[in-house]
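Peer 1: Quick one: structure below, then a few questions.
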Amino acid sequence: MENRNLGRGSVSVPVVGLGTWRRLEAAAAAGRHRELIDTALAVGIRLVDTSPMYGSAERLLAEALDGTREQVVIADKVWTPSPEEGVAQLARAVDWYGGRVDLMQIHNLVAWAAHLPMLEAARAQGLVGLIGATHYSTAAFPELAEVMSTGRIDTIQVPYNPMQREVERTILPLADDLGLGVLLMRPLGEGRLVRRQPGAAELAPLRPFGVTTWVQALIKWGLSDPRVHVSLAATAHPERLQENAAAGSPPWFGPEERALVLRLAEAH
Ligand SMILES: NC(=O)c1ccc[n+]([C@@H]2O[C@H](COP(=O)([O-])OP(=O)(O)OC[C@H]3O[C@@H](n4cnc5c(N)ncnc54)[C@H](OP(=O)(O)O)[C@@H]3O)[C@@H](O)[C@H]2O)c1
């Protein structure tokens, strides 16, 4: 799998990461959360995104990383309007992940002006590697651009898939100008884009790019934008990770292949 430098060139990560929203708890309910994380590592997925918003996902991830923490880049979040609870969330995460969170993001920009100095102090102490900000909604993109322009964050996390392309207008160009790391949420549209899938004949032009499934076409579509660094596809099923990871190697799509994926997404 290809590696890209996240956050002004300081941390090199494989381009396919693992999201945990609802899916890590689903894996745990089936008794498979350790297997999910072990399999992710085995197929080269080494960045895992989580949040206090995701129920018990942070704790389950810590449990599943017994002995393998050092192989993983942890992307966690602070998600609370309360500055005190923000401090407590960071402390819990630092405790869960062996004394350090590699990337700490401000989830949905909640109370970002309060959390940012706290995270900067934590970074100076070595408790946090990079600082990021996330939002899922187009309505929040002007505020996200404002936070990006402070020069105080290293990464952003935004939705980007063939049916959600608003970031192309201002967010991706600004991230590129500022040299920020970009993590994609919802590469499969929260699963909506994979319910009805194009057939093998429709996908045939993508085969020279190592793509044999529609899921791979969607993941590779996002990663073929050079302003993007990591695609966070989420699954509860260990057996799907190899398929997802395989979309993280070159050759990357050119304009024609990206346009084909857009047409197929529109048609299905
Ligand atoms: N505001 C924020 O910061 C924010 C907001 C949204 C998301 N995120 C992050 O981004 C991550 C990804 O977004 P997402 O979870 O919303 O959606 P997603 O990754 O676009 O889609 C996940 C869905 O795709 C399915 N899937 C995954 N791999 C598959 C495969 N190979 N074949 C068939 N189905 C497959 C999963 O089902 P199965 O589990 O059944 O495989 C799941 O239903 C989240 O988990 C979270 O970490 C952050």
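What follows draws every value from the coordinates through simple rules; no lab data is involved. Quick caveat, the model's predicted, so the values are computed rather than measured. Cβ sites come from the backbone with ideal geometry, for glycine too, and all protein chains shown count toward neighbours.
Peer 1: Per-residue HN-Hα couplings for the stretch 19-24, Karplus 6.51 cos²θ - 1.76 cosθ + 1.60 at θ = phi - 60°, whole Hz, x for Gly and Pro?
Peer 2: Residue by residue, the stretch 19-24 yields x, 10, 4, 6, 8, 6 Hz.
Peer 1: Classify the stretch 7-89 as rounded, prolate or oblate, taking a ≥ b ≥ c as the square roots of the eigenvalues of its Cα gyration tensor: rounded when a/c is under 1.5, otherwise prolate if a/b is larger than b/c and oblate if not.
Peer 2: Details: a/c = 2.05, a/b = 1.16, b/c = 1.77.
Oblate is the answer for the stretch 7-89, as a/c is 1.5 or above yet b/c matches or exceeds a/b.
Peer 1: Over the Cα atoms of the stretch 183-254, what is the Rg over Rh ratio if Rh follows Kirkwood? All intermediate terms of the calculation are to be shown ahead of the outcome.
Peer 2: On the way: Rg = 11.5 Å, Rh = 12.4 Å.
Looking at the stretch 183-254, the ratio lands at 0.93.
Peer 1: I would also like to ask the following. Neighbouring Cβ atoms within 10 Å as the yardstick, rank TRP112, TRP221, TRP21 fewest first. Intermediate results must be reported in sequence, preceding the final value.
Peer 2: Numbers: TRP112 21, TRP221 28, TRP21 18.
Lowest to highest Cβ neighbour count: TRP21, TRP112, TRP221.
Peer 1: Would you mind putting 60-68, 188-196 in packing order, based on average other-beta-carbon counts within 10 Å, highest first?
Peer 2: On the way: 60-68: 17.1, 188-196: 15.0.
So the peptides 60-68, 188-196, ranked by packing, come out 60-68, 188-196.
Peer 1: Using θ = phi - 60° and the Karplus relation 6.51 cos²θ - 1.76 cosθ + 1.60, list the HN-Hα couplings for the stretch 151-157 in order, rounded to whole Hz, with x at every Gly or Pro.
Peer 2: Running phi through 6.51 cos²θ - 1.76 cosθ + 1.60 with θ = phi - 60° gives x, 9, 10, 9, 9, 10, 10 Hz.
Peer 1: Now for a separate question. Counting only residues 5 or more places away or on other chains, whose amide H sits under 5 Å from the amide H of GLY129 once H atoms are built in the peptide plane?
Peer 2: Here VAL101, ASP102, LEU103, MET104 satisfy the definition.
Peer 1: So, counting K/R as plus one and D/E as minus one, what does the shell of residues with Cβ under 10 Å around VAL15 add up to?
Peer 2: Details: positive: ARG4, LYS220; negative: GLU2.
Net of charged neighbours comes to +1.
Peer 1: Let me ask something else about it. In degrees from 0 to 90, rounded to the nearest 10, what is the angle of the helix 112-124 Cα long axis to the longest principal axis of the chain?
Peer 2: That works out to roughly 80 degrees.
Peer 1: For MET1, MET163, MET148, what's the fewest-to-most ordering of other Cβ within 10 Å of each Cβ?
Peer 2: Numbers: MET1 16, MET163 13, MET148 21.
If I rank by nearby Cβ atoms, fewest first, I get MET163, MET1, MET148.
Peer 1: A follow-up question, please. Could you tell me the center-to-center distance, by alpha carbons, between the stretch 1-70 and the stretch 164-242 in angstrom?
Peer 2: 17 Å
Peer 1: Taking neighbour counts of Cβ atoms within 10 Å as a proxy for exposure, in what order, fewest first, do VAL16, VAL182 appear?
Peer 2: Lowest count first: VAL182, VAL16.
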